Amino acid sequence: MNGFLVVDKPPGISSHTVVSRIRRITGQKKAGHTGTLDPFATGVLPVALGDATKAIQFLDESVKEYRAVMRIGQITDTQDCTGTLLEEHAWQQVTDDDILRAAALFLGPQKQLPPMYSAIKQNGVPLYRLARQGSDVPRELRDITIHTIRVEQISLPEITVLVSCSRGTYVRTLAHDMGQHLGCGAHLVSLRRTRSGPFSIDNALTLEQIALNVEGGEPGSWLMPVPSALGKLHELQLSDSGARKVLNGVIPAIGEFLPTCLPVDCERVLLMHGERLLAVARCFLSEGTSTLRLLRVFT
C-alpha cells in the first residue's frame, strides 16, 4: 500500500497518535505524517504510507490554509485555548473596522516570533519543555508570509479568519499578535487546516471512514498516488531498459528516455515507466550536456 492518505484529524489527539492509529487500521508499518498539527487543531493531516514515506522530502507544502477562531480580551501562555489564562482585558471598545484594519496589517512577508510552547529546539531541547519549566528564553524571529487573511465572521469576543500562509507560520501567534494590536489581547480557540500544499480537506477522510474503507476491502482506492502528490514536478518516461537501470540505481542513457529530451538545468523530475514512479532525479547542465542525478529510487 503506497501513497498519501489525507486524514481529517480530530481534536484532542496528537499527530503522532493519528499515525499510530493509521498503522493499526491499515496494517501498514511504514507510515509518517508530513507536518504536525497541534492536538487541539483539526483538519488536513497528510500521512504517507509505504514508499510514499520516501517522497515526503520532495513535497511542496509551502502554502497552507486555515480557518481559525480567535477570542479577544484574553491572553494565555500557549496562545491558544489549551493554556493557562494570564491576562484579561476589556474588548467592548473594539469595532469591526478595527478588526479589519488589524487583519490587513499582517498581510505579506514579515518576521514572526515563535511561541515558547512549540517544538522548535534550542540546544537540542524543545521550547515547550523549557516553557513547562517556567523558562522564557530568547528566540530568533522567523521569516513568514501571510498570503491572504480574510475576516469571515465577527461575533465578539470571537472572530473567525481564513488564512493562507507559508509553511512555518504559527496561526496562534498570528491571533496573539492581532490581539496585541487591538489593545486587548487574544488567543486561538479553534484551528482547522483546510489545505496543505496539494492536500485538501475536500479529499480528507476521518479515521472512522478509513477504517470502514479497509473493512470494505477497498485498500488503496482512497490513496493519493505519489506522482499526483508531486504533480508540480515534470515527468520523464523511460523505456523498459531505462526503467531496469533506474531500479538498479544506474543513470539511463539518453536514448532510453521517451521522448529523448531532458528538462532544463536544476529541475527535479519524476522518472516514470508508464504509471509507475521509479525515481525522483535532478537534471542539470554540464558543458552543454543535460545530465541526471538520482535523488531517490522507489523500489
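The values are calculated or read from the model by the stated rules, or taken from the named source; none is laboratory data. These numbers come from a predicted model, not from an experiment. Cβ atoms come from the backbone with ideal geometry, glycine included; neighbour counts cover every protein chain shown.
Residues in the range 10-37 that are under 12 Å from the mean Cα position of the chain (by Cα) and not in a helix (DSSP H, G or I): 5 in all.
Only one of the numbered conditions (1) part of a helix (DSSP H, G or I); (2) modelled with pLDDT of 90 or more; (3) farther than 13 Å from Val171 by Cα is not met by Leu130, and that is (2).
Quick check on the range 192-200. Is at least one of its residues among the polar types (S, T, N, Q), in contact (Cβ under 8 Å) with a residue 40 or more places away in the chain and over 25 Å from Gly3 (Cα atoms)? No: zero hits.
Would it be correct to say that Leu191 is in a strand (DSSP E or B) and surrounded by 14 or more Cβ atoms within 10 Å (Cβ to Cβ)?
Numbers: in a strand (DSSP E or B): yes; surrounded by 14 or more Cβ atoms within 10 Å (Cβ to Cβ): yes.
Against the criterion (in a strand (DSSP E or B) and surrounded by 14 or more Cβ atoms within 10 Å (Cβ to Cβ)), Leu191 qualifies.
Of all residues in the range 108-129, count the ones that are farther than 18 Å from Asp80 by Cβ and out of contact with any His (no Cβ under 9 Å at 6 or more places or on another chain). Qualifying residue count, the range 108-129: 8.
Every residue in the range 164-188 that is in a strand (DSSP E or B) and surrounded by fewer than 23 Cβ atoms within 10 Å (Cβ to Cβ), please.
Ser164, Cys165, Ser166
If you go through the range 220-236 and keep only what is surrounded by fewer than 16 Cβ atoms within 10 Å (Cβ to Cβ) and at pLDDT 90 or above, you end up with just Ser228.
Test of understanding: among Thr148, Thr160, Thr173, Thr169, which residue is touching a Pro at 6+ places or on another chain (Cβ under 6 Å) and within 20 Å of Ala102 (Cβ to Cβ)?
Thr173
Residues in the range 1-51 that are of a type in the set (A, V, I, L, M, F, W, C) and either under 17 Å from Asp80 (Cβ atoms) or touching a Lys or Arg at 6+ places or on another chain (Cβ under 6 Å) (or both): Ile13, Val18, Ala31, Leu37, Phe40, Ala41, Val44, Leu45.
Output the residue which, of all residues in the range 196-209 that are part of a strand (DSSP E or B) and surrounded by fewer than 18 Cβ atoms within 10 Å (Cβ to Cβ), is nearest to the chain's Cα centre (by Cα).
From the range 196-209, those part of a strand (DSSP E or B) are 196, 199-200, 205; that's our starting set.
Remaining after also requiring surrounded by fewer than 18 Cβ atoms within 10 Å (Cβ to Cβ): 200, 205.
Details: Ser200: 11, Leu205: 16 Å.
Once the filter is applied, the top-ranked residue is Ser200.
If the Cβ limit is 6 Å and pairs must be 6+ apart or interchain, which residue in the range 212-234 that is closer than 11 Å to Leu270 by Cα pairs with which residue that is surrounded by fewer than 18 Cβ atoms within 10 Å (Cβ to Cβ) and modelled with pLDDT of 90 or more? Within 6 Å, the pairs are Leu230/Phe58; Lys232/Asp60. Kindly indicate whether Ala103 is of a type outside the set (D, E, K, R), outside the structural domain of Thr36 (by TED's automatic domain parsing), surrounded by 15 or more Cβ atoms within 10 Å (Cβ to Cβ) and closer than 22 Å to Thr36 by Cβ. The answer is no for Ala103. Screening Arg139 with (1) under 18 Å from Phe40 (Cβ atoms); (2) not in a helix (DSSP H, G or I) gives one miss only, at (1).
Within the bounds of the range 248-268, is there any residue that is modelled with pLDDT of 90 or more and outside any loop (DSSP other than H, G, I, E, B)? No, the range 248-268 has no match at all.
The set of residues from the range 46-69 being of a type in the set (Ser, Thr, Tyr) and either surrounded by fewer than 19 Cβ atoms within 10 Å (Cβ to Cβ) or free of Cβ contacts under 8 Å to residues at least 60 places away in the same chain (or both) comprises Thr53, Ser62. Residue pairs, Cβ under 6 Å, 6 or more apart or interchain, first in the range 121-132 and closer than 18 Å to Asp77 by Cα, second surrounded by 15 or more Cβ atoms within 10 Å (Cβ to Cβ) and small (Gly, Ala, Ser). List them. Taking only residues 6 or more apart or on different chains, the pairs are Leu127/Ser118.
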